[in-house]
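Derivation of every value follows stated rules applied to the coordinates shown; laboratory data play no part. In this text the structure is predicted, and so the values were computed from the model without any measurement. All Cβ positions, glycine included, derive from the backbone under ideal geometry; neighbour counts span all protein chains shown.
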Amino acid sequence: MQYHLTKEGLEKLKKELDYLKKEGRIEIAERLKRAKEYGDLSENSEYIDAKEAQDKLESRIFELEKIIRNAVLIKKSSQKNIVNIGSTIEVQKGLKTFRYTIVGSHEANPEANLISNESPLGKAFLGKKVGDVVEIETPSGKAKYKIVKIE
């Protein structure tokens, strides 16, 4: 499986991985050591919590390593006439104008107008041109977006 990431997104994941492998593991080890000092591990809630945190940490490390290993860098498209992953687009919905950047699912952040290429909106924009109208089914009905600019 491939993971589409911008250069910045890949660097962010690498930093997170580095932090988890170094500082995160040390913090968990210290928690486990303190919890073991309380005695009987079978009924030691601090130990159980620390082991669960360790499992989550190791799962995240495994996930990040897989993503980084299979990352495909998104390059700013030289094609300004067709929406691709990495494109920043300006669209109109009614009288409002919105700016979105199409990114891979691991970088998506709708609050920052970074939408996934796998989301219904992202999928609908891919391959479209300036002037195209995209219709999306939303929980509140159909929404129409007109593409006015591709960067």
Self-check item: Relative counts (whole %) of C-alpha pair distances in the range 73-115, using bins that are 10 Å wide
Solution: 28, 51, 20, 1
Quiz prompt | Relative contact order (%) - criterion: Cα under 8 Å, at least six apart; region: the range 3-73 | solution = 57
Practice problem: Calculate, for residue 112 and residue 40, the FRET efficiency according to 1/(1 + (r/R0)^6) with r their C-beta to C-beta distance and R0 41 Å; round to the nearest 0.05. | Solution: 0.30
Quiz item: For the range 3-73, what's the radius of gyration and Dmax over Cα atoms, in angstrom?
Solution: 15.5, 49
Quiz item: With a Cα-only, solvent-free Debye model of the range 82-151, what are the log10 I(q)/I(0) values at q = 0.12 Å⁻¹?
Solution: -0.26
Quiz prompt | Listed pairs 75/128; 7/129; 12/33 exceeding 21 Å between Cα atoms | solution = 7/129; 12/33
Quiz item: Any idea what angle helix 25-36 forms with the longest principal axis of the chain, computed on alpha-carbon atoms, 0 to 90 degrees, nearest 10?
Solution: 40
Self-check item: Set 80/123; 14/96; 66/123; 22/51; 14/146; 21/123 screened for pairs whose C-alpha atoms are more than 27 Å apart
Solution: 14/96; 14/146; 21/123
Quiz item: Which of the aspartates and glutamates could a cross-linker span from residue 36 if the Cα-Cα distance has to be under 16 Å and same-chain partners fewer than 8 positions apart are dropped?
Solution: 27, 46, 49, 52
Quiz item: If r is the Cβ-Cβ distance from residue 80 to residue 133 and R0 is 22 Å, what FRET efficiency results, to the nearest 0.05?
Solution: 0.70
Quiz item: Over all pairs of distinct alpha carbons, what does the Kirkwood formula give as the hydrodynamic radius of the chain, in Å?
Solution: 18.1
Quiz item: Considering the Cα trace of the range 40-116, what is its radius of gyration and what is Dmax, both in angstroms?
Solution: 20.5, 66
